[in-house]
Amino acid sequence: MGQPSPRQVDRYDVGDLVRVVASYVGTDGLTPAKPSYVQVQVMNPLGSVATAAFGSGSVVQVGSAAYAHDFTITHPGSYFYRWLGTGLVQAAEVWELLGESSVFDL
């Protein structure tokens, strides 16, 4: 998947709409390639997991082999999201982001 290294954790405020994107490439590591099936899972800080797939309406194609999913930060804490591609391109990657509350959320 063509995303930057996940070493830095992005931070968002509770209430923010977050867009996560996955770009898929072929075995050469450069050429965009479409998986037969694309899925994203998002786990919130309470441990609840939401799953969506391309074609379901909430996962949209934003490039020749790139997909996006939007979700809202509802609680402070760590969110994990996992993109999965299967079929012609097989790849899976897990990323983390952080939801933060403010003085207005107390």
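Checking A22, A68, A52 one by one, the residue that is surrounded by 13 or more Cβ atoms within 10 Å (Cβ to Cβ), over 30 Å from F104 (Cβ atoms) and in contact with a strand residue (DSSP E or B) (Cβ under 8 Å, 6 or more places away or on another chain) is A22 and no other.
Here G47 clears all of (1) at positive phi; (2) surrounded by 12 or more Cβ atoms within 10 Å (Cβ to Cβ); (3) not basic (K, R) except the condition numbered (2).
May I ask you to list the residues in the stretch 58-93 that are hydrophobic (A, V, I, L, M, F, W, C), at pLDDT 95 or above and farther than 13 Å from V21 by Cβ? Across the stretch 58-93, the qualifying residues are I73, F80, L84. Elements of the type strands (runs of 3 or more DSSP E) sitting completely within the stretch 22-106 and holding at least 1 residues that are among the hydrophobic types (A, V, I, L, M, F, W, C) and either in contact with a helix residue (DSSP H, G or I) (Cβ under 8 Å, 6 or more places away or on another chain) or over 23 Å from Y12 (Cα atoms) (or both): these cover 37-43, 49-53, 77-86, 91-100.
The values are calculated or read from the model by the stated rules, or taken from the named source; none is laboratory data. Predicted model only: the values in this text are computed from it and were never measured. In this analysis, Cβ positions are derived from the backbone assuming ideal geometry, glycine residues included, and neighbour counts consider all displayed protein chains.
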